[in-house]
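See below for the structure under consideration.
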Amino acid sequence: MKIYIASSWKNYDALHVLKSILVKSGHDVDLFCDPHRKGGISYFPKHKDYTIISYLFQEPKSFEIFIVNKKMIEWCDVCILVLPSGKSSHLEAGFAKGIKKILILYNKNEIRGEFEAMYHFADYIAHNHDELLTILKSTIVIRSENEGSIQNARNSAETNKLKLEKSFLS
């Protein structure tokens, strides 16, 4: 399965561990902070005195990064949003869901007391590597040859989601 991992640079080490596990399980994985990534660009500007808007116009690689990340999200079957993460990764996850990709929230180090109602957009929630691999094994992706779009077909998807939600609540 083709997987795009969306997250924060702050999770750098954990993201590389996750990518390694997914690749060993037979998945094709794009990780934004991998210097050898498929999309070709892995870049994080040194802390400068940018605002969000000035970054868009003053950082030469900003648009290039956007194009590569967008292309890789369009390429993937599944987007995994690894928490905690920031604004860009949440936009990536929202874009992925909007173009009918499977969205998995991966929340290994859960923080109590935080609430995000919009996480209901996610197809699945995983709390550890085993849960994540189980979800991926139970997910079937059907590619439509003539439309070029991806349709998601899941084995008992609603049942799986309910089981995970029940385990999350207990």
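Applying a threshold of 24 Å to the alpha-carbon distances of Lys61/Lys100; Lys70/Lys100; Lys10/Lys108; Lys24/Lys61; Lys61/Lys108; Lys70/Lys97 flags Lys61/Lys100; Lys24/Lys61; Lys61/Lys108 as lying beyond it. Among the trypsin sites (Lys or Arg not before Pro) within segment 1-33, not one is in coil by DSSP while having at most 13 neighbouring Cβ atoms inside 10 Å. Cβ-to-Cβ counts within 10 Å put Met1, Met118, Met72 in ascending order as Met118, Met1, Met72, the fewest first.
None of the figures in this text is laboratory data; all of them are computed from the coordinates on show. Keep in mind the model is a prediction, meaning the values are calculated, not measured. Please note: Cβ atoms are built from the backbone with ideal geometry, for glycine as well, and neighbour counts cover all protein chains shown.
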